[in-house]
Amino acid sequence: MARIHGYAPRERGYTLAKIKRAIMSVSDKTGIVDFAKALSSMGVELISTGGTFKVLKEAGIPVTEVSEVTGFPEMLEGRVKTLHPKIHAGILARRDVKEHMDAIADKGIQTIDMVVINLYPFKQTVLKEGVSFDEIVENIDIGGPSMIRAAAKNYKDVAVVTKPCQYEDIVRQLQEGGELSLETHQRLMAEAFVLTANYDSMIAAQMSERFVDGFPDSFPIPSEKVEDLRYGENPNQKAAFYRDPFTPGVTVARAELLQHGKQLSYNNILDLDKAMDICMDFERPTAVVMKHTNPCGLASADTIDEAFLTAYNVDPLSAFGCVICLNRPCTVATATEISQHFVEAVICPDYEEGAVEIMEVKKNIRLLRTNCPIGPSNRVREMKVKKVQGGMLVQTDEDVPIDPKNLKVVTERAPTEDEIHSLLFAWKLAKHVTSNAVVYVRGERAVGIGAGQMSRVDSAKIATMKANEPTEGCVMASDAFFPFRDGVDEAAKAGVTAIIQPGGSIRDQEVIDSANEHGMAMVFTGCRVFRHG
């Protein structure tokens, strides 16, 4: 993080050790033979273990097996190979501390100047279909992280190499100057600690999920970088996109970005994620039009073409520069409609033949494909994490399903069957709108959306104002209780006939009386669905 803020520490006056001896033990053997050949050609003595030793030996590279160095054979089916003073003292001894050098010399221990390690494939093992827990445990690396951490701690004297993508630059530096720069040692050290921290977080996350109830004392967040982004929420901010390596199902992080248009932006990713979150709630063909993490259009219909046209026309003014999620493959007809507007991105399960080519006339549109259905059956519930200054908040991602039979009718008039159908649709929409949220719905389409206001009555007014059609006969959903009757009175002015809300205000009776005065039906869900961004 230091470099992001424009400061990277430099150390002066330290003589770096020449790389004369290296230990290699890698699970991912990509490029290891060429790397070892290059080091050997420069006079570096190589030590290796198990499978890596075999690969290097078969390639004709001079290499010493680790057991010859330690004088101790591998044991416990390979669990103990490198955990030995002749390895770790050789890595950890500081070359500028006489006592260290005298101590290892007294024990006949030689220094090790480079550690080339990558770890057991724990993530890949967890993700294997039908894998047993015992197999997962066997793929927790012990000796590898120990050597990496030892080398990283003694970074001035030892180069710690943890990824095949590092090999080429290291060989180039050694061939050009005979040594690695201090800056390279520092960078390799930092990358090594990031790797072991993330490796441990993957293990901790998996074990906590299986065996820890509630929230652990420290919350592990495993991650892997997808890409650096052009910028963050604003052009002056730097940003990158990471994914959780274990989250299954349909996510933006795992969607396929078709090779067209600009790179996804920070804001595109936020909007796509929110749009998909809404679509996941619906079985019928559904389209979501998303802008700045709030829906400005939502509709379900018999076909995805009808759903999209209806959703886009809920608030076409706000839809300028939107992202779109479809829970059915994008048809040629829908692609033709989308191509008539300025749309930032589209995500859907797939595209009909010819649909992509139609939208590609918009050179900057981003097109994503999930390659699997978008809907309730593919929704994954995981912990929700939000960073705050100096800490973070973690909560479960739980939805309270609303059974029409359990709705509490609190007014003199009960809602009709058609009103109940619309109210449930409105409730699904309201829970995805920034609080305070008020939405108007007719049938299976949004009519007016009032989002993110500090007072609920203002959200009701905005829902009326944003409606692109008469609101007479609509139903209303509110994400939390009405603190006063004014929100209901405002809905009555708009011609709303029925309201769904959690209830629970000390003024519930006042609110119910207002609904009765206006001849409205009102039902309580008993649960709140706030969304604070």
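The values are calculated or read from the model by the stated rules, or taken from the named source; none is laboratory data. The structure displayed is predicted, hence computed values, not measured ones. Quick reminder, even Gly has a Cβ in these numbers, built from the backbone with ideal geometry, and neighbours come from all protein chains shown. Side chains are part of the model used for accessible areas, which takes the heavy atoms of the whole protein and leaves out ligands, DNA and RNA. Shrake-Rupley method; radii C 1.70, N 1.55, O 1.52, S 1.80 Å.
What does the charge count around N436 come to, taking other residues whose C-beta lies under 15 Å from its C-beta (Lys +1, Arg +1, Asp -1, Glu -1)? Summing Lys/Arg as +1 and Asp/Glu as -1 gives +2.
For the chain, relative contact order (Cα pairs under 8 Å, six or more residues apart, normalised by length) works out to 8 percent. In the range 194-250, a dipole from Cβ-located charges (positive for Lys and Arg, negative for Asp and Glu) runs towards its positive end, and of P248, M202, L229 it is L229 whose Cα lies farthest in that direction. In order along the range 438-445, the Karplus-derived 3J(HN,Hα) couplings, from 6.51 cos²θ - 1.76 cosθ + 1.60 at θ = phi - 60°, round to 9, 10, 10, 9, 10, x, 10, 8 Hz, and Gly and Pro are given as x. Only protein atoms count toward the accessible area here, which uses a 1.4 Å probe; on the range 347-450, the carbon and sulfur part of that area reaches 49 percent. Given the pairs K98/K225; K384/K493; K362/K387; K123/K431; K57/K128; K20/K128, which span a C-alpha to C-alpha distance of over 32 angstrom in this model? Beyond 32 Å between Cα atoms: K98/K225; K384/K493; K362/K387; K123/K431; K20/K128. Could you sort out which of K262/K386; K37/K86; K274/K461; K291/K466 sit more than 20 Å apart by Cα distance in this structure? Among K262/K386; K37/K86; K274/K461; K291/K466, the Cα-Cα distance tops 20 Å for K262/K386; K37/K86; K274/K461.
Using a probe of 1.4 angstrom and keeping all protein chains present, the accessible surface of the range 148-208 works out to 41 square angstrom per residue. Placing a label point 7 Å from the Cα of R528 along the Cα-to-Cβ direction, the residues of the range 457-474 whose backbone N falls under 18 Å of that point are 457-460.
Per atom type, the range 172-290 shows carbon and sulfur on 49% of its accessible surface, probed at 1.4 Å. Work out the charge dipole of the chain with +1 on the Cβ of Lys and Arg and -1 on the Cβ of Asp and Glu about the Cα centre, then indicate which of Q173, N378, T471 is farthest towards its positive end. Checked the options; the winner is Q173. Give the separation of the Cα centroids, the range 227-262 to the range 285-349, in Å. Cα centres, the range 227-262 to the range 285-349: 21 Å. Near R531, once Lys and Arg are set to +1 and Asp and Glu to -1 for all other residues with Cβ below 11 Å from its Cβ, the sum equals +2.
Label separation (E337 vs N364): 2.4 nm, computed from points 7 Å beyond Cα along the C-beta direction. Rounded to the nearest 10 degrees, the inclination of helix 266-279 to the longest alpha-carbon principal axis of the chain is 50 degrees.
At R0 = 60 Å, how high is the FRET efficiency between S132 and M465 if r is their beta carbon distance? Nearest 0.05 is fine. Here the calculated transfer efficiency is 0.55.
In this Cβ point-charge picture (+1 for Lys and Arg, -1 for Asp and Glu), the chain has a dipole of about 1740 debye about its Cα centre.
The mean accessible area for residues of the range 19-69, using a 1.4 Å probe and ignoring ligands and nucleic acids, is 43 Å² per residue. Note on Y312: accessible area approximately 20 square angstrom, rounded to 10, probe 1.4 Å, nucleic acids and ligands left out. Summarising the strand pairing of the chain, around 50 percent of its internal DSSP beta bridges are antiparallel. Principal-axis analysis of the Cα atoms of the chain puts helix 456-466 at an angle of about 80° to the longest axis. What is the helix-to-structure angle for 417-430, meaning the angle in degrees between its Cα long axis and the longest Cα principal axis of the chain, kept from 0 to 90 and rounded to the nearest 10? The angle comes out near 40 degrees.
Taking every protein chain into account, the accessible area of the range 253-398 amounts to 45 square angstrom per residue (probe 1.4 Å).
Per residue of the chain, what 222 nm ellipticity follows from adding -39500 (n - 2.57) for every DSSP H run with n ≥ 4, rounded to the nearest 500?
That comes out to -10000 deg cm²/dmol.
Seen through its C-alpha gyration tensor, with square-root eigenvalues sorted a ≥ b ≥ c, the range 194-309 comes out oblate because a/c lies at 1.5 or above while a/b is not bigger than b/c. So for the range 379-439, taking the charge dipole from beta-carbon charges (+1 Lys/Arg, -1 Asp/Glu), which of Q389, T434, V400 sits furthest toward the positive end? The Cα lying farthest towards the positive end belongs to Q389.
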